[in-house]
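The values are calculated or read from the model by the stated rules, or taken from the named source; none is laboratory data. This structure is a prediction, so every number in the text was calculated from the model and none was measured. Glycine gets a Cβ as well: all are built from the backbone with ideal geometry, and neighbour counts include every protein chain shown. SASA here: full protein model, heavy atoms, side chains in, ligands and nucleic acids out. Shrake-Rupley method; radii C 1.70, N 1.55, O 1.52, S 1.80 Å.
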Amino acid sequence: MSRTTRLGIIGAGNIGAVHMKEFGKLADRCEIVAIADVSGALAEARAKEFGVPNALDNPERLIARDDVDAVVIGVPNNFHADLAILALESGKHVLLEKPMGLNAEHAKRIVRAQQKTGNVLMVSHQMRWEWLTQQVKDQVEKGALGRIYSA
């Protein structure tokens, strides 16, 4: 029997609100249990808006919670690497907004943490799920477009 995934949202800005709205549509599969933002007032407002029971002004405290299985990281890019690594090393699965990090070294550090922990890490490149993108991928895999040498 599968259980509901308990989510923590890090970042209460626009992208955090998008994630709360979309994950809210999956109430049979996941539950948003906490939101964190360095602006505690914004975290409180979003928690009230989306019915999230816990609002925090510290993302590290959210990551440390035992009632959070996975986190969505939607904060400014310069915080991606440190928060993703902390979350992975704390036993959390991570959905990380793009870009993955500020540079290749940040991305490598995140990947090393994922490999070490075995937790799920996904970078939010949502266009990969769009119909047109899927159709192009299918055509490439079938060889219908010839040998692709640049894209």
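List of remarks:
- Per residue, the solvent-accessible area of the range 1-54 (1.4 Å probe, heavy atoms of protein chains only, all protein chains present) comes to 58 Å².
- Computed label-point distance, nm, for sites N103 and D28 using a 7 Å Cα→Cβ extension: 4.8 nm
- Length gained when the stretch A144-E60 is fully extended (0.36 nm per residue, less Cα-Cα span): 25.4 nm
- Whole-percent carbon and sulfur share, accessible surface of the chain, 1.4 Å: 55 percent
- Separation of alpha-carbon centers, the range 107-151 and the range 1-70, rounded to whole Å: 26 Å
- The average projected area of the range 43-90, computed from the convex hull of its Cα atoms over all directions, is 3.5 nm².
- Correct choice for mean projected area of the Cα convex hull in nm² that was computed from the model, options [x] 11.0; [y] 9.2; [z] 9.8: [x]
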